[in-house]
1. How much accessible area does SER167 have with a 1.4 Å probe, in Å² rounded to the nearest 10?
2. Taking 0.36 nm per intervening residue step and subtracting the Cα-Cα distance, what contour gain separates ASP104 from ILE89 on full extension?
3. Which cross-chain or sequence-distant (5 or more) residues have an amide H under 5 Å from the amide H of GLN324, H modelled 1.01 Å from N in plane?
4. Which of LEU354, LEU165, LEU177 moves the most in a Gaussian network model of the chain with Cα springs under 10 Å?
5. Step through the residues of the stretch 151-158 one at a time and calculate ³J(HN,Hα) from phi using the Karplus curve (6.51 cos²θ - 1.76 cosθ + 1.60, θ = phi - 60°), rounding each to whole Hz and writing x for Gly and Pro.
6. Order VAL362, VAL83 by their accessible area, 1.4 angstrom probe, all chains in place, largest first.
7. PRE reach from LYS317 (point 7 Å along Cα→Cβ): which of the stretch 268-308 fall under 20 Å by backbone N?
8. Starting from the Cα-Cα distance between SER138 and ALA384, subtract it from 0.36 nm times their residue separation and give me the gain in nm to one decimal.
Amino acid sequence: MHSNKVLILGLTWPEPKTTAAGMRMMQLIHWFLEKKFQITFASTAAFNEYSENLTAYGVDQQSIKLNHHSFDEFAQQLNPSIVVFDRYIMEEQFGWRIAENLPDALRILDTEDLHSLRSAREKNFSVQKEFNVSDWLSLDITKRELASIFRSDLSLIISKFEIKLLSDIVKVDESLLFHLPFIYEQLNESIIKNWPPFDKRQHFVFIGNGKHAPNIDAISWLNTDIWPLIRESLPESELHIYGPYMPESVRKMESPKTGFRIKGWVRDAASIMAQSRLNLIPLRFGAGLKGKLLDGFINGTPYVTTSIGMEGIGNSKELNLFTQDEAIGFSKLAIGLYQNKYRWKETQNLGTDLINKHFNKVVFGERLNKKIIELDQNLNQHRATNIIGAILAHKTLQSTKYLSKWIEAKNNLLQ
């Protein structure tokens with residue numbers, strides 16, 4: 001590599017304490033730091049109270065302008081060997097500038113999850129239609145996201161389900177895709193023994209960002225259909241809803257009388273999760289991996305979820321025992337697990353094993369390092385064989401480029 005510099009272009013500044021996407025980005029940042037890369041994180045977004053202070057980790061933070069030539073000079077001066085686009089939108093906006101100004105830089109797209117898949121499922125759910133691949137492929141956002149994947153040298157895909165979708169249905173070559181889920185340190189005995197036991201935990205928990213449509217739907221479903229059934233069997237129990245950006249419609253659900261408690265944002269969600277007896281995740285649409293499910297695992301908190309909540313985690317029969325897509329079945333599972341100490345412990349052990357076997361930071365880190373070195377050494381050949389990407393870069397990015405230049409010229413005239 002011509003330098004040890006990495007430029008990350010973020011749609012937002014990472015918010016690891018509010019979103020799974022923010023947590024994912026911080027995992028990537030820490031991995032690059034461990035590999036001794038100098039990181040510059042740049043975004044057009046404004047900082048807010050939840051934004052992580054990246055300078056505390058030795059990361060250079062830069063605010064950049066959209067549709068402005070100043071970015072070209074910034075990129076040339078920095079001259080990174082790797083550019084990471086955080087979501088396809090950033091690749092659309094800045095990919096052509098990187099290709100022109102840094103032709104030798106490795107271009108990596110971190111999809112977070114397939115936004116188009118989430119959009120297709122949400123759209124189908126809103127009209128009570130079952131998801132199918134044809135509906136997904138017909139959306140404009142799908143074509144945009146797929147084009148971004150093809151134009152990139154490598155796309156980081158968080159879920160095995162999404163890898164299979166891209167490989168089998170869209171026929172994206174495996175050389176363009178890399179499975180990188182959330183990654184964690186091993187859960188060893190010294191960690192596990194510090195988890196509060198069954199008898200020291202109480203209540204149910206749901207943690208989610210209020211800006212995320214699947215979360216709002218899940219909270220609403222809990223409130224109307226699931227929680228009343230649980231509360232009827234467990235009248236002393238409560239459900240605590242945590243998360244930032246909660247809309248007024250959710251805040252109005254606060255009900256001490258029924259035990260449905262809207263708690264809002266908390267800085268230390270891990271300790272909240274560790275004190276809770278059961279993690280409820282009734283997601284009815286969405287994509288990627290569910291950070292809230294894995295947060296439960298790494299804090300020893302068993303779960304009940306849906307098939308969407310479990311997607312990409314694994315297909316073991318044991319894990320599917322705690323998956324239900326109907327309110328009555330979901331509540332029965334939750335009631336049973338909440339009361340059964342031995343089954344609860346078995347579920348906790350399953351989560352621990354899953355983290356250690358399938359989300360191992362060391363294993364995935366070594367694979368990613370090997371892949372980046374391999375691409376760096378054969379970048380021209382890699383790009384030459386990606387003919388679809390070359391065609392899309394030639395056609396699609398030309399239109400993006402000249403639209404951007406037109407906006408910049410217009411803005412200059414207005415000044």
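1. In the full protein context, SER167 sits at about 40 Å².
2. Details: separation 15, 0.36 × 15 = 5.40 nm, distance 2.15 nm.
Computed gain between ASP104 and ILE89 is 3.3 nm.
3. Those qualifying (amide H under 5 Å, at least 5 residues apart or on another chain) are THR305, THR306, SER307.
4. Comparing LEU354, LEU165, LEU177 in a Gaussian network model of the chain, the most mobile one is LEU165.
5. 6, 7, 6, 7, 10, 8, 10, 7
6. On the way: VAL362 85, VAL83 0 Å².
Reading off the accessible areas and sorting them downward yields VAL362, VAL83.
7. Flagged as within label range: 305, 307.
8. Numbers: separation 246, 0.36 × 246 = 88.56 nm, distance 2.84 nm.
Extra length from SER138 to ALA384 when fully extended: 85.7 nm.
The values are calculated or read from the model by the stated rules, or taken from the named source; none is laboratory data. Since this is a predicted model, take the numbers as computed values, not measurements. Positions of Cβ are generated from backbone atoms using ideal geometry, with glycine treated the same way; all protein chains shown enter the neighbour counts. All accessible areas refer to the heavy atoms of the entire protein, side chains included, with ligands and DNA or RNA removed. Shrake-Rupley method; radii C 1.70, N 1.55, O 1.52, S 1.80 Å.
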